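The values are calculated or read from the model by the stated rules, or taken from the named source; none is laboratory data. Note that the structure is predicted; figures quoted are calculated from it, not measured. Cβ: placed from backbone, ideal geometry, glycine included. Neighbour counts: every protein chain shown. Accessible surface is based on the protein model in full, side chains and every heavy atom, while ligands, DNA and RNA are left aside. Shrake-Rupley method; radii C 1.70, N 1.55, O 1.52, S 1.80 Å.
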Amino acid sequence: MKVQVVLKTHLKGTERTIPLTVSAGETISCMKDRVSEIEPSPFPLKLWKGAAVLGGGDDGQKLADCGVKDGDTLAFTVEASEAVFVQQLTQLLQAKALSASELSLIYCHRHGVTVAQTLGLLGSQEPFEDFLKRQKGLSLEQGTVQICKPVAVDAPAQAEGEAEELNSTGTLDLSVSVWIDAGAETMDLDGEVGLALDSLSTVREAKEAVIAAELIPFSDVDLMLNDEILQDDETLAGCGVQNGCDLDFIVRSSESALVQQLTELLEGGPRSSNELSLLFCNRHGVPVDRALRMLGREKFCDFLARHPTFTCVSGCISLSRHQKLPPILDETSMATSAEVARDQAVAAVSKAAFLNIQRVVKYDSSAAGTDTAGSDAVILVGGVPPGAT
């Protein structure tokens, strides 16, 4: 059946009508997901029929059971609120403090809309930094955003009690130092990160927790205790990790890995550098500038301009044409590929030419003193007028 969906916000003049084909057995929750795909919103949606909330707030109910019929007009209201927005930002800051730009990109990755669009739904045109400054629960100092933590009364006694409770349930409070191995040098990323993990967590799960907390786009990593690499399938307790242990997390940053990630994003077609940066953050959950920082703090535009994999024309980034050629591994495969190409070219010319081809001479061009292996051919043609080449 076909229905009309009117999408409303509290802002005047922002209503939009969407024609939608639905089935009688479709649930309210499914319909909300479909509308969110058409009009992404970071805020909760309410579905109305007339003056009543459809299903009484139970999203599991089917549309037919709620009395929805063919041709009905339904209304979706976006429950936009500043408190929800702040709560979403706070959740992203739980692991660590972030710069305003990093927080903005991660928010877009998590909720599918930019912070500017979210502020627009709230009826605000203020810059993101100004919004952050006026939030009592958040702190913006020198470009870094973090959660304001109130000072608790009798904090030492409380912390001691919490620590005993954590230890009794098998939770480990760990301090992890993150090191970036960039080949030529090893550098400290952001100092130490504190993690609370179950003692029965595997090393692989611990790695994933560090990667998520520290926004690391590279997968070649090791977790170490006392200079020994811990195996992925082992539990932390089984590796001898105890409460209060200091661990080292080694990240082998790789330019080739970053190039491969960007190449995959460009396979669908050229992008501007800003689009490519946003796509990277959306795919990997990490700003591309952070990935470049782990390679040596190069600017994204400079990285794209100097790398032969990419072509930059008028701000548009695409893959270089030679990237689509098959890789040449050694001289043997080079010679074989050259011979095949030569034979194919001779066959095509012989089929298409109107001249009298009497003989084809094939030879190895590398034997003639060239630096690279190759195969050439000379086509001898009969019936050519005297003096012609």
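Brief remarks on what is shown
- Selection over the stretch 87-125 of residues that are within 23 Å of LYS8 (Cβ to Cβ), of a type outside the set (Gly, Ala, Ser) and over 15 Å from the mean Cα position of the chain (by Cα) gives a count of 9.
- Conditions (1) charged (D, E, K, R); (2) touching a residue at least 60 places away in the same chain (Cβ under 8 Å); (3) part of a helix (DSSP H, G or I): number failed by LYS69: (3)
- Residue within the stretch 73-82 that is in contact (Cβ under 8 Å) with a residue 12 or more places away in the chain and either on the phi > 0 side of the Ramachandran plot or among the basic types (Lys, Arg) (or both) present: no
- Note on the stretch 60-88: residues that are surrounded by 15 or more Cβ atoms within 10 Å (Cβ to Cβ) and more than 30 Å from GLN146 (Cβ to Cβ) amount to 10.
- In the stretch 202-220, residue most open to solvent (accessible area, probe 1.4 Å) [restricted to those that are of a type in the set (A, V, I, L, M) and in a helix (DSSP H, G or I)]: ALA212
- Matching residues in the stretch 1-59 - criterion: being of a type in the set (Asp, Glu) and open to solvent by 50 Å² or more (accessible area, probe 1.4 Å): GLU15, ASP33, GLU37, GLU39, ASP58, ASP59
Let's see how each residue does on (1) at pLDDT 85 or above; (2) among the acidic types (Asp, Glu); (3) farther than 18 Å from GLY269 by Cβ:
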site: ARG293; (1), (2), (3): no, no, yes
site: LEU304; (1), (2), (3): yes, no, no
site: HIS307; (1), (2), (3): yes, no, yes
site: LYS324; (1), (2), (3): no, no, no
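- The number of residues in the stretch 102-124 being part of a helix (DSSP H, G or I) and buried (at least 16 other Cβ atoms within 10 Å of the Cβ) comes to 14.
- Residue in the stretch 99-108 that is of a type in the set (A, V, I, L, M, F, W, C), within 30 Å of VAL210 (Cβ to Cβ) and in contact with a Pro (Cβ under 6 Å, 6 or more places away or on another chain) present: yes
- Residue count for the stretch 41-51, restricted to those that are modelled with pLDDT of 80 or more and among the aliphatic types (A, V, I, L, M): 2
- Filtered residue count, the stretch 89-101, keeping only those that are open to solvent by less than 40 Å² (accessible area, probe 1.4 Å), over 17 Å from ASN282 (Cα atoms) and part of a helix (DSSP H, G or I): 1
Rundown of residues vs (1) in contact with a helix residue (DSSP H, G or I) (Cβ under 7 Å, 6 or more places away or on another chain); (2) among the aromatic types (Phe, Trp, Tyr), yes/no style:
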| position | (1), (2) |
| --- | --- |
| SER104 | yes, no |
| VAL115 | yes, no |
| LEU119 | yes, no |
| GLY123 | no, no |
| PRO127 | no, no |
| PHE131 | yes, yes |
| ARG134 | no, no |
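- Flag if LYS46 is within 21 Å of THR118 (Cβ to Cβ) and free of Cβ contacts under 8 Å to residues at least 60 places away in the same chain: yes
- Residue match in the stretch 271-285 (condition: closer than 21 Å to LEU215 by Cβ, charged (D, E, K, R) and within 13 Å of the chain's Cα centre (by Cα)): yes
- Out of VAL259, VAL286, VAL251, sole residue that is open to solvent by less than 20 Å² (accessible area, probe 1.4 Å) and assigned to a loop (DSSP other than H, G, I, E, B): VAL286
- Among the residues making up the stretch 182-208, those that are under 22 Å from the mean Cα position of the chain (by Cα) and modelled with pLDDT of 85 or more are ARG204, GLU205, ALA206, LYS207, GLU208.
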